[in-house]
Amino acid sequence: MEIVRTGPDDARFAAWCGVWAAAQRADRPGEAPRPASDHVALGRRLTTPGGALRGTHRAAVADGAVVGALRLLLPVRDNTSVAYVDVAVHPAARRRGVGTALLAEAARLAAAAGRSSLVAEVDEPGPGTAGRAFAQAHGWTCGLQETRRDLLLPVDEDRLAALEAGAAAASAGYEVLTWRDRTPDRLLEDRALLGRRMSTDAPSGDVPVGEEDWDAARVREQETVVLDRGRTVLSAGAVRDGRLVAFTELHVPLAQPERAHQGATLVLREHRGHRLGARVKTAVLRELAATLPEVRRISTYNSDTNRPMVAVNEALGFVRAGGLSTWSTRLPA
Ligand SMILES: CC(C)(COP(=O)(O)OP(=O)(O)OC[C@H]1O[C@@H](n2cnc3c(N)ncnc32)[C@H](O)[C@@H]1OP(=O)(O)O)[C@@H](O)C(=O)NCCC(=O)NCCS
């Protein structure tokens with residue numbers, strides 16, 4: 001087995017994406033895996049200079065076939081001591097040390113880029129996932145445990161209307177608006193602040209990541225990347241005295257619109273306690289039903305410590321669908 005460099009413009013990249021698809025199919029058989037076009041668009045972003053993240057890809061090749069995939073992501077504007085690692089091994093090639101070899105390569109690349117910690121996420125449809133056992137076997141620490149919850153659409157109208165009415169009554173004086181894909185110019189600076197706060201205020205457990213450096217240009221960069229990845233994003237925000245103080249967003253992959261992903265939701269600290277979280281979430285669900293009725297399900301991930309967000313989600317009818325754990329390890333100095 002050898003480990004070779006690959007990337008979105010390399011002949012091996014289709015097979016590299018195929019490893020991800022096979023791994024995802026094995027772990028969650030009922031769900032469409034991420035399309036290759038998504039990996040390609042993300043890969044282009046990571047390998048094009050100037051963005052907030054750069055990165056590189058490696059393929060594990062045995063007997064001429066790609067059997068393992070590594071993507072290393074390096075934040076460049078903030079969190080420059082960290083490297084994010086995505087590793088997958090084809091289900092037919094597991095327990096032969098391929099994952100371990102890719103992890104060693106990730107550690108080598110990260111150290112060469114001056115990073116001191118590796119961080120990785122493990123999707124856990126149920127107990128006993130390979131990813132958890134693998135991370136534990138390598139002595140990594142689980143710093144954050146999140147529960148995935150799914151909401152089947154359409155939302156029960158009585159639930160939605162009740163939540164909407166309660167939230168509207170508690171948040172008089174706030175105007176709610178929705179937008180798609182591009183944040184309106186007049187809200188851009190505020191949206192950047194909300195992005196920054198998202199990185200400090202959403203529970204991150206003991207994962208060694210800190211505040212992200214967001215400005216208007218980074219919001220625009222992120223919007224472009226998401227569009228390039230074939231997604232459309234519906235957002236709802238709450239405005240007070242002309243300032244955006246809360247927002248939520250749903251990402252819908254246009255090639256597979258059956259399942260949407262909940263993106264960030266945040267209410268600025270000084271505006272909490274007015275049920276704005278429920279207000280923007282109900283608003284974006286109304287907009288989704290009106291403009292993208294083909295979406296059948298929304299998946300969201302919350303730390304179990306995030307009671308306010310979990311309460312809103314449970315009131316909407318989200319139900320548990322496994323978990324996501326975030327692991328880290330320090331590289332030797
Ligand atoms: C996790 C994953 C990358 C492991 O790949 P792999 O090539 O099978 O891993 P290795 O053969 O190097 O395993 C190293 C050790 O991890 C542990 N391990 C790996 N898979 C395991 C499993 N299914 N059950 C129990 N232990 C496991 C074992 O201790 C193993 O050593 P052993 O085989 O000598 O007992 C692979 O299962 C995968 O692609 N899973 C889906 C994606 C994912 O979860 N990625 C992890 C991100 S950290």
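What do you reckon, is T129 of a type in the set (S, T, Y) and either over 30 Å from G195 (Cα atoms) or not assigned by TED's automatic domain parsing to the domain that holds A14 (or both)?
So T129 fits the description; yes.
Determine whether segment 211-228 contains at least one residue that is open to solvent by less than 60 Å² (accessible area, probe 1.4 Å) and farther than 23 Å from G50 by Cα.
Within segment 211-228, not a single residue is open to solvent by less than 60 Å² (accessible area, probe 1.4 Å) and farther than 23 Å from G50 by Cα.
State which residue is surrounded by the most Cβ atoms within 10 Å (Cβ to Cβ) when the search covers only segment 245-297 and only residues that are of a type in the set (D, E) and outside any loop (DSSP other than H, G, I, E, B).
Selected residue: E249.
Can you name every residue in segment 298-333 that is in a loop (DSSP other than H, G, I, E, B) and open to solvent by 50 Å² or more (accessible area, probe 1.4 Å)?
D304, T305, P332, A333
I want to confirm something. Restricting to segment 113-135 and keeping residues that are within 16 Å of P75 (Cβ to Cβ) and surrounded by fewer than 20 Cβ atoms within 10 Å (Cβ to Cβ), which single residue is nearest to the ligand (Cβ to nearest atom)?
Only one residue fits best here, namely E121.
Return the pair list, or none, for Cβ contacts closer than 7 Å from residues in segment 17-29 that are closer than 12 Å to G131 by Cβ and open to solvent by less than 40 Å² (accessible area, probe 1.4 Å) to residues that are in a helix (DSSP H, G or I) and near the ligand (Cβ under 9 Å from one of its atoms), at least 6 apart or on different chains.
If the second residue must be in a helix (DSSP H, G or I) and near the ligand (Cβ under 9 Å from one of its atoms), the pairs left are A23/P91.
Given the conditions (1) within 11 Å of the ligand (Cβ to nearest atom); (2) within 23 Å of R231 (Cβ to Cβ); (3) surrounded by fewer than 18 Cβ atoms within 10 Å (Cβ to Cβ), report the number of the one that M1 does not fulfil.
Single failed check for M1: (2).
Out of all the residues in segment 33-79, which are more than 17 Å from R218 (Cα to Cα), basic (K, R) and at pLDDT 95 or above?
R58, R71
Can you list residue pairs whose Cβ atoms sit under 7 Å apart, with the first residue in segment 257-281 being on the phi > 0 side of the Ramachandran plot and not assigned by TED's automatic domain parsing to the domain that holds Y301 and the second being of a type in the set (K, R) and in a strand (DSSP E or B)? Count only pairs 6 or more apart in sequence or on different chains.
Pairs that qualify, where the first residue is on the phi > 0 side of the Ramachandran plot and not assigned by TED's automatic domain parsing to the domain that holds Y301 and the partner is of a type in the set (K, R) and in a strand (DSSP E or B): there are none.
Quick one: which residue in P208, P203 is part of a loop (DSSP other than H, G, I, E, B), in contact with a Leu (Cβ under 8 Å, 6 or more places away or on another chain) and of a type outside the set (V, I, T)?
Testing whether each residue is part of a loop (DSSP other than H, G, I, E, B), in contact with a Leu (Cβ under 8 Å, 6 or more places away or on another chain) and of a type outside the set (V, I, T) leaves just P203.
The values are calculated or read from the model by the stated rules, or taken from the named source; none is laboratory data. Bear in mind that the values here come from a model prediction, so they are computed numbers and not experimental data. Cβ: placed from backbone, ideal geometry, glycine included. Neighbour counts: every protein chain shown. To get the accessible areas, we keep the full protein, side chains included, count just its heavy atoms, and leave off ligands, DNA and RNA. Shrake-Rupley method; radii C 1.70, N 1.55, O 1.52, S 1.80 Å.
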